[in-house]
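Structure first, commentary second.
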Amino acid sequence: MRIRSAAAVVVGASALSALALPAVQAAPAAPADDVQGDTQLSNVIVNDGKSIVVGASGKAASVTVKLTASDPNGISDAGGILYHGTDVNHNDWGVTLPSCGQHLVTTYTCSFTLKSTANRHFGVSKNSQAGTWKMWAYAIGADGDYRFRDPAKTFKVLRATKLTANAAPEPVKKGKTITVTGTLTLANWESHKDIGYGGQSVALQFRKAGTTNYVNVKGIKSSTTGSLKTTVTASADGYYRFTYAGSATAATVSATGDYIDVR
């Protein structure tokens, strides 16, 4: 759901108790960046600095968020909102973090975990929500000082991709033709299904038996249904796979290598 304005979310020393709050019309919203007193907010980390990849279910398996709040008089609360939109007051979807709670120390690192198996999870609803997301964060001191920051962090939320590869025939004589086929699919957050991902540039790679690194052989494009098919000349035992580099909205993925026995 859309989330309401920052001013409506923060009330006194507690905030953000719900997941994905509904949008409401509120009295003038708090400025996106606002500070009173000496409360500090730092070291904001979303998902360990990695993109959040979400499958067809629309739920991420697990997302962690950390932030450090400090105030000479102790911390009354801290937290934030992960959202997709221009700013926290102009969004089309968002997920609120649980309250960090009161900690009567001058500096405290809050850690939040959102799991797909829990009521509070990181979820999306539309394919258009893939791409760059932001985090609005806040810290409130025990003396009533506060700091709001928007964005405190930007990060990527990507649609999950899947890729297969099959090399045939096997075994094959050296110098003969090998056909490698596969399928590239993309998570659809609206239908909750994986769909064929057409028109995408995919690389065929080969790893010679006894080595550890794959090397590019050739590039091809997926068909309108996401299918892949290409041919190579058999030269040595090894593994063929397809790999997709990803995009601004879709995750990178590599197929499991398929072994070919060349005789």
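The values are calculated or read from the model by the stated rules, or taken from the named source; none is laboratory data. This is a predicted model, so every value here is computed, not measured. Ideal geometry is used to build each Cβ from the backbone, glycine not excepted, and the neighbour counts take in all protein chains shown. For accessibility, only protein heavy atoms count, side chains too; no ligands or nucleic acids. Shrake-Rupley method; radii C 1.70, N 1.55, O 1.52, S 1.80 Å.
What to note about this one:
- Of the strands (runs of 3 or more DSSP E) lying entirely inside the range 1-72, those containing at least 3 residues that are touching a Phe, Trp or Tyr at 6+ places or on another chain (Cβ under 9 Å), crowded, with 20+ Cβ neighbours inside 10 Å and modelled with pLDDT of 50 or more span 62-70.
- Filtered residues of the range 176-224 (kept if free of Cβ contacts under 8 Å to residues at least 40 places away in the same chain, closer than 18 Å to Asn166 by Cβ and among the hydroxyl-bearing types (Ser, Thr, Tyr)): Ser222, Ser223
- Condition check for Thr113 on (1) touching a residue at least 24 places away in the same chain (Cβ under 8 Å); (2) open to solvent by 20 Å² or more (accessible area, probe 1.4 Å); (3) more than 14 Å from Leu67 (Cα to Cα): one failure, at (3).
- Counting the residues of the range 229-262 that are in a strand (DSSP E or B), among the β-branched types (Val, Ile, Thr) and either within 22 Å of the chain's Cα centre (by Cα) or modelled with pLDDT under 95 (or both) gives 2.
- The range 164-190 - residue that is in a strand (DSSP E or B) and open to solvent by 20 Å² or more (accessible area, probe 1.4 Å) and, of those, nearest to Pro72 (Cα to Cα): Asn188
- Scanning the range 73-100 for residues that are hydroxyl-bearing (Ser, Thr, Tyr), under 14 Å from Lys153 (Cα atoms) and surrounded by fewer than 24 Cβ atoms within 10 Å (Cβ to Cβ) gives a single hit, Thr86.
- Residue in the range 196-210 that is loosely packed, with under 15 Cβ neighbours inside 10 Å and of a type in the set (D, E, K, R) present: yes
- Residues of the range 107-148 classified as among the basic types (Lys, Arg), in contact with a strand residue (DSSP E or B) (Cβ under 7 Å, 6 or more places away or on another chain) and more than 16 Å from Asp34 (Cα to Cα), total: 3
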